[in-house]
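Step one of this worksheet: look at the structure below.
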Amino acid sequence: MALQAAYSLLPSTVSIRKEGKFSASLKETTPTGFSFSNHLKADKISTLLTVKEQRRQSPRFSSVTRAQTVATPRANEASPEQKKTQRKGTAVITGASSGLGLATAKALAETGEWHVVMACRNFLKAEKAAKSVGMSKEDYTVMHLDLASLESVKQFVESFRRAERPLDVLVCNAAVYQPTAKEPSFTAEGFEISVGTNHLGHFLLSRLLLDDLKKSDYPSKRMIIVGSITGNTNTLAGNVPPKANLGDLRGLASGLNGQNSSMIDGGEYDGAKAYKDSKVCNMLTMQELHRRYHEETGVTFASLYPGCIATTGLFREHIPLFRLLFPPFQKYITKGYVSEEEAGKRLAQVVSDPSLGKSGVYWSWNNNSSSFENQLSKEASDAEKAKKLWEVSEKLVGLA
Ligand code: NDP
Ligand code: PMR
């Protein structure tokens, strides 16, 4: 079984025995405050997941959820705030040529209230993707952006400015995941490709486009960086090895170019860990942006875990058996699965829903698709680390 490859990698904190028996001991607090400090044993993963049910019923969780359930219209329902707006909003979405980015572009375009700039590395693929989901020409523009090249990021910003469109929302969504790579590959400037693309490319893009967002007169200006549960070690999914860990950032500080190390923590290359580390960077960056700029600019900064969209191109480099088994595993065992369409509606809510306008939040959804403010892991909410990451990243992308 492909997933058994993952089972064999499990550390002492999370172990799954071959007959399907499962035991786990998570020392940190779950996203909603339930403590896993006791050693938990269950016959199946689903039994452990009943813990999730208990915490859903905890007073704190349900009050947040209920508030959101009442106050959260779907992305395609025009809010009073939107009705007042004279013009369409413009949302730039990176990696809108497939998966979550495409589904979000479609959900926003369908409202008739948004023009989506699809910022993609493959122009033709993006055009075809937009057509394939029925987006009309007047609702989107494809613009070239290769996040694995800082030069391309700068060119994108220049072209975007030349086009003289306002920027109302930026969605940093694109990502690469290389779980089976034995050796690292590198971006144009020589950074390990997962962190280089998912974090550094987006770091430069968001810093440059912040000025454009500031100028927007749209009622709610937002910058969203897509995060993930797998970067959060306060969850079961985040405890599947290899776990995210940025350490003291020594590998990043030394250039992430493979000469000293291609991993942020300075350790041995591991493609799956590099992806999870990059997601921690995404979530830390969102919070640092919030701390530095929310008050001054009025921009809402947010991150999210949209659910496990097990069918997307993200897993294209995984072994075929994994790709076959992963969707049913997530659908029937973890129950964490969401369709691309549902995930797209969730991200579209973070783009445009007035009730999701709070800044500095990491959004998640429960099984009824109600949004709630989730808690990040200790590392993914470490303000000191966020500051250090910011400073090191600034140097690497040439902003300092
Ligand atoms: P996809 O592979 O379907 O989408 C990723 C997108 O990123 C593609 O459009 C891809 O372009 C683009 N991309 C990759 N590299 C670059 C680059 N160098 N420059 C510009 N664009 C690039 O995956 P998902 O839709 O699943 O992933 C979207 C986001 O959702 C990611 O941030 C991921 O971390 C996050 N996420 C996904 C989860 C899941 O279960 N799938 C769960 C949690 C978070 P191209 O089409 O040309 O390949
Ligand atoms: Mg994981 C509640 C349990 C849960 C959830 C929500 C996810 C989401 N996963 C869960 C549990 C488990 N996963 C368990 C118990 C295992 C061991 C069998 C497991 C394994 C696993 C693997 C091998 N899961 C994975 C992988 C991947 O390669 C994916 C990954 O880590 O990509 C970085 C993945 C994922 N699991 C998820 C989600 C959302 C992913 C995609 C990760 C992401 O986009 O961040």
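The values are calculated or read from the model by the stated rules, or taken from the named source; none is laboratory data. Please read all numbers here as calculations on a predicted model, not as lab measurements. Counting neighbours? That spans all protein chains shown, and the Cβs are built from the backbone with ideal geometry, glycine included.
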Mind checking which pairs have a first residue in the stretch 299-328 that is under 21 Å from residue 367 (Cα atoms) and modelled with pLDDT of 95 or more and a second that is within 7 Å of ligand 1 (Cβ to nearest atom) and among the polar types (S, T, N, Q), Cβ under 6 Å, 6 or more apart or different chains? 305/228
Which residues, taken from the stretch 233-265, are surrounded by 18 or more Cβ atoms within 10 Å (Cβ to Cβ), among the hydroxyl-bearing types (Ser, Thr, Tyr) and free of Cβ contacts under 8 Å to residues at least 60 places away in the same chain? 261
With within 16 Å of ligand 1 (Cβ to nearest atom) and closer than 22 Å to residue 239 by Cβ as the only criterion, which of 345, 331, 385 stands out? 331
Only one of (1) more than 15 Å from the chain's Cα centre (by Cα); (2) assigned to a helix (DSSP H, G or I); (3) within 10 Å of ligand 1 (Cβ to nearest atom); (4) not aliphatic (A, V, I, L, M) is not met by residue 275, so which one is it? (1)
Would you be able to say whether some residue in the stretch 281-294 is within 13 Å of ligand 2 (Cβ to nearest atom), acidic (Asp, Glu) and in contact (Cβ under 8 Å) with a residue 40 or more places away in the chain? no
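Before we move on, is residue 315 among the aromatic types (Phe, Trp, Tyr) and touching a helix residue (DSSP H, G or I) at 6+ places or on another chain (Cβ under 6 Å)? Spell out the reasoning first.
Details: among the aromatic types (Phe, Trp, Tyr): yes; touching a helix residue (DSSP H, G or I) at 6+ places or on another chain (Cβ under 6 Å): yes.
Spelling it out, residue 315 is indeed among the aromatic types (Phe, Trp, Tyr) and touching a helix residue (DSSP H, G or I) at 6+ places or on another chain (Cβ under 6 Å).
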Breaking point among (1) of a type outside the set (Val, Ile, Thr); (2) buried (at least 24 other Cβ atoms within 10 Å of the Cβ); (3) more than 12 Å from ligand 1 (Cβ to nearest atom), for residue 87: (2)
If I filter the stretch 346-360 for residues that are within 16 Å of ligand 2 (Cβ to nearest atom), buried (at least 17 other Cβ atoms within 10 Å of the Cβ), within 16 Å of the chain's Cα centre (by Cα) and basic (Lys, Arg), do I get at least one hit? yes
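Looking at 312, 297, which is the one that is β-branched (Val, Ile, Thr) and either more than 11 Å from ligand 2 (Cβ to nearest atom) or buried (at least 23 other Cβ atoms within 10 Å of the Cβ) (or both)?
It is 297.
Quick check on the stretch 212-232: of everything there that is in a loop (DSSP other than H, G, I, E, B) and within 14 Å of ligand 1 (Cβ to nearest atom), which residue is surrounded by the most Cβ atoms within 10 Å (Cβ to Cβ)?
From the stretch 212-232, those in a loop (DSSP other than H, G, I, E, B) are 216-221, 227-228, 232; that's our starting set.
With the extra rule that they be within 14 Å of ligand 1 (Cβ to nearest atom), the set shrinks to 227-228, 232.
Details: 227: 28, 228: 25, 232: 31.
If we take residues in the stretch 212-232 being in a loop (DSSP other than H, G, I, E, B) and within 14 Å of ligand 1 (Cβ to nearest atom), then 232 is surrounded by the most Cβ atoms within 10 Å (Cβ to Cβ).
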Which numbered condition residue 262 misses (of (1) in contact with a strand residue (DSSP E or B) (Cβ under 7 Å, 6 or more places away or on another chain); (2) closer than 22 Å to residue 364 by Cα): (2)
